[in-house]
């Protein structure tokens, strides 16, 4: 082909909008396909990046020989979280709380929580701070490391009931002051005094209920130890 024909062919291809071959990579001579880099041009990790880490966590959390399905575990976490948020529980602390419920050891690090819930470190930090403040979980350091393990007690549901009972006690005390201010003989004061009696009744019954549950639990543990 003559030089004139070569030039004419190149001009025709450009005019028709046909793309030429991709430019070779400077170092390897190969064309990079989209998504092959660990991080995109904007610094955001690809979605597939987190899967190996999540899979490792699933294997660590599940007991040996377990047929536990990680997808079902995550589905349970989100469903029960929805139940807790409907009851007034903040969403992120609720997700962390349920994640700890699903852990066989009842303890996870912040990194493990972040991987399991696909949440940012800042979100996990705020969530565990809330749960610690209300007394539902505790933090425990790892010797020789700055890493913290977050864990819940086996009696966490009794802890929740006791927290609510203390809340009722505080409400009753404040409402009693309202009765004094409004006047016990006024309609509003009468209604408020009835509410105070209700909370006092609930608190007294709750104390007895928790005591009976503790007694039953100790008896069950003793029976299991004897049979073993």
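The values are calculated or read from the model by the stated rules, or taken from the named source; none is laboratory data. Computed from a predicted structure; not experimentally measured. Ideal geometry is used to build each Cβ from the backbone, glycine not excepted, and the neighbour counts take in all protein chains shown.
Restricting attention to the stretch 100-125, and to residues there that are over 11 Å from the mean Cα position of the chain (by Cα) and in a helix (DSSP H, G or I), which single residue is farthest from residue 90 (Cα to Cα)? By that ranking, first place goes to 111. On inspection, residue 188 qualifies as in contact with a helix residue (DSSP H, G or I) (Cβ under 6 Å, 6 or more places away or on another chain), at pLDDT 95 or above, loosely packed, with under 15 Cβ neighbours inside 10 Å and part of a helix (DSSP H, G or I).
So which of 65, 43, 88 is loosely packed, with under 11 Cβ neighbours inside 10 Å and modelled with pLDDT of 90 or more?
88
Against the definition (part of a helix (DSSP H, G or I), at pLDDT below 50 and surrounded by 10 or more Cβ atoms within 10 Å (Cβ to Cβ)), how does residue 74 come out, yes or no? It is false that residue 74 is part of a helix (DSSP H, G or I), at pLDDT below 50 and surrounded by 10 or more Cβ atoms within 10 Å (Cβ to Cβ). Set side by side, the residues 134, 179, 196 differ, and just one is within 22 Å of the chain's Cα centre (by Cα) and either surrounded by 13 or more Cβ atoms within 10 Å (Cβ to Cβ) or under 28 Å from residue 110 (Cβ atoms) (or both), which is 134.
Being closer than 21 Å to residue 158 by Cβ and free of Cβ contacts under 8 Å to residues at least 24 places away in the same chain is the filter here, so list the residues in the stretch 169-208 that pass it. Matches in the stretch 169-208: 170, 201, 204, 205, 208.
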